[in-house]
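One structure is given here, and the rest of the page talks about it.
The values are calculated or read from the model by the stated rules, or taken from the named source; none is laboratory data. Since the structure is predicted, the reported quantities are computational estimates derived from the model, not experimental observations. Neighbour counts run over all protein chains shown; Cβ positions are idealised from the backbone, glycine included. These area figures cover heavy atoms from the full protein model, side chains too; ligands, DNA and RNA do not enter into them. Shrake-Rupley method; radii C 1.70, N 1.55, O 1.52, S 1.80 Å.
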Amino acid sequence: MDDNATDFSRGCAWQRGQYVPIAQASIPMTDWGFLRSDATYDVVTVWDGAFFRLDAHLDRFFASCERFRLDAGKSRAEVTDILSQCVRRAGLRSSYVEMIATRGQPAWGSRDPRQAVNQFYAFAVPFVWIANEQQRERGLDVAISPVHRIPPSSVDPRAKNYHWNDLTMGLLGALDQGAESVLLTDPAGNVVEGPGFNVFAVVDGGLVTPAEGVLEGVTRRTVIEMARSLGIPVQLRALPAAELRGAQEAFLSTSGGGVLPVTKLDGRAVARGQVGPVTRRLVQTYWDWHRDPKYSTPVEY
Ligand code: PLP
């Protein structure tokens, strides 16, 4: 038997009723999840042996399913059990855990999505950071892209989705110009979000984050709650690119690493080009909150 068939060390997936090593994970090529990006998903992290804000991720996953008229066919308890099993079988203490509902496929020849049998998939792999250690320490250099995020009237961004062509093309353009990541804009010139994260500006000592046209990130919500508990004012409103460029501080929020400082935009320093005090406080609080039992669900190993 080849090693991949039994090696769960790189991650574990659940598919069609079975746990398999991540290298063996697959979905049928004819699943509309693949053919039409007709799917929704969510990503929850495990840190030090416990899920962080599992309830918030499950709430959003089931809400996303409803928005896209998908039925995961699993209860919250069943999803929780599958996710835990994936983490446990992979032997991971820190993990990136994804749950997915796809349209599946209707009877051959039918183009009616109502006739499709929706499918559920899940996997756990080692924790994924959106920024490496050096980038987290000195802050990221992010490009503001002329590519517009797909309009909310076309695809509801509150339902987590794989309509990533805008994000990917924007990211490729940013990498070509020497930046490390990208923020997309809307047609009015506001920044909205990037590949896997929301964005915040520190303006007049308070936080500003886009209100519309974005995924309501669980980390974004955590940042808003942390700010309130620290007495930092928060505004949810449009964030013009020019205002972000002139901000006192800027940062991204994501399950892929929490609060990630941005110290350059299009190669130009944000304020003095250093990670600012508000961002540092939020990074610290974010990791402190991981030890709060209110937000953690231990994995059963
Ligand atoms: N925006 C987009 C488009 C995303 O894909 C993600 C996460 O993958 C986020 C924002 C951040 O969401 P969260 O904080 O829940 O990870």
Accessible area of Met29 in the full protein assembly, 1.4 Å probe (Å², nearest 10): 140
In square angstrom, what is the accessible area per residue of region 175-301 with a 1.4 angstrom probe? 44
Please compute the per residue accessible area over region 1-136 with all protein chains in place, 1.4 Å probe, rounded to a whole number of Å². 51
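Take every DSSP beta bridge with both residues inside the chain and express the antiparallel ones as a percent of the total, to the nearest 5. Walk me through the numbers on the way to the answer.
Working: 49 of 59 bridges.
Taking every DSSP beta bridge with both residues in the chain, the antiparallel ones total about 85 percent.
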Peptides 273-284, 240-251: what's the order by average Cβ count within 10 Å, highest mean first? 240-251, 273-284
Which whole-angstrom value gives the distance between the alpha carbon centres of region 71-99 and region 133-174? 27
Of all accessible heavy-atom area on region 133-289, the percent that carbon and sulfur account for (1.4 Å): 51
If you take every DSSP beta bridge fully contained in region 133-289, what fraction is antiparallel? Give it as a percent rounded to 5. 65
Share of accessible surface on carbon and sulfur in region 3-126, whole %, 1.4 Å probe and ligands ignored, is 48
Comparing Pro157, Pro113, Pro21, which has the greatest mean-square fluctuation in the GNM of the chain with Cα pairs linked when under 10 Å apart? Pro113
Please give the solvent-accessible surface of Ser154 in Å², to the nearest 10, using a probe radius of 1.4 Å with every protein chain present. 80
With all protein chains present, calculate the accessible area of Val203 using a 1.4 Å probe and round the result to the nearest 10 Å². 30
What does the charge count near Asp156 come to, summing +1 for each Lys or Arg and -1 for each Asp or Glu among other residues with Cβ under 13 Å from its Cβ? +3
